[in-house]
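Notes follow once the structure below has been shown.
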Amino acid sequence: MATAESQAGRFGGVFGWTGRRTLRVGGYVVDLINFVVRAFRDWARRGRVFNRATLQNLYGQVIFTGVDALPLVTFLGLAVGLSITSQMLKLATALGSESDVANLLTNIVGAELSSILTAIVLIGRSGSAIAVDLGSMKLRGEVEGLELLGINVNEFFVTPRIIGAAVAQFTLAVYFAIVALFGGVFLNDLFTPGSSAHQLKKLAEAIGPEQTILFMIKNLLFGIIIAGTACYHGLKVRSSPTELPQQTQRAIVTGLVLVFATDGIMALLA
Amino acid sequence: MNAAPLIEAEDLRPMREDGGAFEHGLSCQISAGRVICLVGPNGGGKTAYLRALAAVDPPASGKLKLFGQEASRLGFESRRAMRLKAAFIAEGAPLLSVVTGLSNVTLPAMYHRLGHALEIRASAEETLKFLNYPGRDDLLPAYLNQHERLLLAIARCLMLSPQLMFLDEPFHMTDSACRQRESDIYVRLARERGLAVLLATHNLGFVKRYADEILFLHPSGTARFAGWKPFVDSGRAEVNAFFDAAA
């Protein structure tokens, strides 16, 4: 009897723990969505959505997140082109199923790998930088200093960063896909001369409008998630410097988890 | 004819960091063109009372009217508009670290769209001239000294044409020459521009020379004095104890 009770208690404990964790995760996601929605609402509340002060922040974010990440994304794109695209094209030449391989490549490299790898680069580079930047400003009282001048923190800090990161994520993912696919084709051409024009045509034919729209939505969402979590955690820093690395680490981990979860959900929906 | 007071506080009790209320309420009326000093020993709550008077932090209890409006009933936009008229400079005068000194001064006016970029820039340069700003304005705040940072913080507030200016420990970490220049600025802001300037300070030299009113904040109570002489002559035990500790 006592054993059965203790077992029931143990199972109850496991269920309770799982329930509490699920509620906490659900609460966190709702809070995060609320934070992003509020940021966009505050931004849209103004007649002219951008002014010189906030536009400067947007340009800065696009340059830092997008332009500065180009060398790394180029390198990764070429590495994927060499390791996956060119290998699969070789296989296609051997097996003669070029259309299937072109479909597979646009789906795996063009749609999936380009989005995910770009998102990982952005989380590591920009997500962490945004969280540290905002957290430090919060610690030094700079954020409050601006609030006391009637400046809306959401409008000034958060929205430009989210929009900048979303634009940069989408543009970089397109760039990554082009480098990885076309780079792979040209690398393959070194081994099988004269095949590139034909393969490029097949790859272009494999890209459909539905896939393109989904790609666009997914990458814009990834950008929103990356900058949204980074801003959310950066602004969570209150008064102790020890909170800064803690919140930065949470921004990175949460960003990764949410990007992969979103990718999985979108793959299921597609 | 007396103008309406800018601040009307009635039994205002700020919130402590632990969520409780300060024991003693503060009642006062502050008019334009006055220099008001909040003084008292450490732990008396100078910063907390200053923040409550500026409607930066919500009070635990009591009433506060700023520019004739109940502060607790202000909506989102009214609160934002009120912040333009009631400038608050926290201890250390934090500036935005990622932009230059001049950009810090022009940024709030740009954000609130108070004019074209060239007009705002010209106005910022004029304000820095009024403040006798001695430093470079093309450097990031990290490369400026505390006096220069404070002047930039004052300048960026003045760009919004406030009627009230709250300063928390403005003489913190500045030498005596800078303190004198800063004192002159506060007095000019009150006398020439008609601002009500409220300072929480330990600088009794400034209080003695320039304070039109003194709000004395002590763990055993709050008191209001119409200048230095009534403050010194009050004969109150806590005032005498404060002077003994300061000496």
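Name the one entry in A:V253, A:V179, A:V237, A:V185 that is aliphatic (A, V, I, L, M), more than 17 Å from the chain's Cα centre (by Cα), open to solvent by less than 80 Å² (accessible area, probe 1.4 Å) and under 30 Å from A:M137 (Cα atoms).
The unique qualifying residue is A:V237.
Within the range A:63-125, which helices (runs of 4 or more DSSP H) (wholly inside it) include 1 or more residues that are of a type in the set (D, E) and either in contact with a Gly (Cβ under 8 Å, 6 or more places away or on another chain) or touching a residue at least 40 places away in the same chain (Cβ under 8 Å) (or both)? Please lay out each step first, then the result.
Working: elements: A:70-80, A:86-95, A:98-105, A:114-122.
Counting at least 1 such residues, we get A:98-105.
Return yes or no: is B:A177 within 30 Å of B:R156 (Cα to Cα) and outside any loop (DSSP other than H, G, I, E, B)?
yes
Of everything in the range B:62-88 that's part of a loop (DSSP other than H, G, I, E, B) and under 23 Å from B:L195 (Cα atoms), which residue is farthest from the other protein chains (Cβ to nearest Cβ)?
First, the residues of the range B:62-88 that are part of a loop (DSSP other than H, G, I, E, B): B:67-68, B:74-75.
From what's left, under 23 Å from B:L195 (Cα atoms): B:67-68, B:74.
Values: B:F67: 14, B:G68: 19, B:L74: 12 Å.
Among those that are part of a loop (DSSP other than H, G, I, E, B) and under 23 Å from B:L195 (Cα atoms), it is B:G68.
Evaluate the range A:52-69: report whether one residue or more is within 30 Å of A:K202 (Cα to Cα), at pLDDT 80 or above and of a type in the set (G, A, S).
Yes, the range A:52-69 contains a residue that is within 30 Å of A:K202 (Cα to Cα), at pLDDT 80 or above and of a type in the set (G, A, S).
I'd like to verify a number: residues in the range B:228-247 that are surrounded by 15 or more Cβ atoms within 10 Å (Cβ to Cβ) and in contact (Cβ under 8 Å) with a residue 12 or more places away in the chain, how many? Spell out the reasoning first.
The initial filter retains those residues of the range B:228-247 that are surrounded by 15 or more Cβ atoms within 10 Å (Cβ to Cβ), namely B:228, B:231, B:234, B:236, B:238-239, B:242.
Going one step further and asking which of them are in contact (Cβ under 8 Å) with a residue 12 or more places away in the chain, we end up with B:228, B:231, B:236, B:238-239, B:242.
Residues flagged as surrounded by 15 or more Cβ atoms within 10 Å (Cβ to Cβ) and in contact (Cβ under 8 Å) with a residue 12 or more places away in the chain within the range B:228-247 amount to 6.
Can you run down the residue pairs with Cβ atoms below 9 Å, 6 or more apart or on separate chains, where the first is in the range A:150-167 and more than 12 Å from chain B (Cβ to nearest Cβ) and surrounded by fewer than 22 Cβ atoms within 10 Å (Cβ to Cβ) and the partner is assigned to a helix (DSSP H, G or I) and not small (G, A, S)?
Note: pairs meeting the criteria are A:V167/A:L58; A:V167/A:Q61; A:V167/A:V62; A:V167/A:T65; A:V167/A:L220.
How many of the residues in the range B:89-131 are within 11 Å of chain A (Cβ to nearest Cβ), polar (S, T, N, Q) and either open to solvent by less than 30 Å² (accessible area, probe 1.4 Å) or touching an Asp or Glu at 6+ places or on another chain (Cβ under 8 Å) (or both)?
Matching residues across the range B:89-131 total 3.
Mind listing whichever residues of the range A:106-127 are surrounded by fewer than 20 Cβ atoms within 10 Å (Cβ to Cβ) and either within 25 Å of B:L96 (Cα to Cα) or within 11 Å of another protein chain (Cβ to nearest Cβ) (or both)?
A:G124, A:R125
Which residue pairs have Cβ atoms under 7 Å apart, sit 6 or more places apart or on different chains, and have a first residue in the range B:12-35 that is among the polar types (S, T, N, Q) and a second that is surrounded by fewer than 15 Cβ atoms within 10 Å (Cβ to Cβ)?
Every condition considered, the pairs that remain are B:S27/B:E10; B:S27/B:D11; B:S31/B:A3.
What number of residues in the range B:184-215 are surrounded by fewer than 22 Cβ atoms within 10 Å (Cβ to Cβ) and assigned to a strand (DSSP E or B)?
Qualifying residue count for the region: 1.
Scan A:F215, A:F260 and give me the residue that is of a type in the set (F, W, Y) and surrounded by 18 or more Cβ atoms within 10 Å (Cβ to Cβ).
One residue alone meets the criteria, A:F215.
Taking A:R21 and the conditions (1) open to solvent by 40 Å² or more (accessible area, probe 1.4 Å); (2) at pLDDT below 80, which numbered condition does it fall short on, given that it satisfies the others?
(2)
Return the residues of the range A:132-149 that are in a helix (DSSP H, G or I), facing chain B (nearest Cβ under 9 Å) and in contact with a Pro (Cβ under 7 Å, 6 or more places away or on another chain); say none if nothing qualifies.
Within the range A:132-149, A:E142, A:G145 meet the criteria.
Just wondering, is there one or more residues in the range B:20-40 that are within 14 Å of chain A (Cβ to nearest Cβ) and within 20 Å of the chain's Cα centre (by Cα)?
No, there is no match, as no residue in the range B:20-40 is within 14 Å of chain A (Cβ to nearest Cβ) and within 20 Å of the chain's Cα centre (by Cα).
Scan the range B:43-61 for residues that are among the hydrophobic types (A, V, I, L, M, F, W, C), assigned to a loop (DSSP other than H, G, I, E, B) and open to solvent by 20 Å² or more (accessible area, probe 1.4 Å) and jot them down.
B:V56, B:A60
The values are calculated or read from the model by the stated rules, or taken from the named source; none is laboratory data. No experiment lies behind these values; they were computed from the predicted model shown. Here the Cβ is made from the backbone with ideal geometry for all residues, glycine too, and neighbour counts use every protein chain on show. Quick note on the areas: whole protein, heavy atoms, side chains included, nothing else; ligands and nucleic acids left out. Shrake-Rupley method; radii C 1.70, N 1.55, O 1.52, S 1.80 Å.
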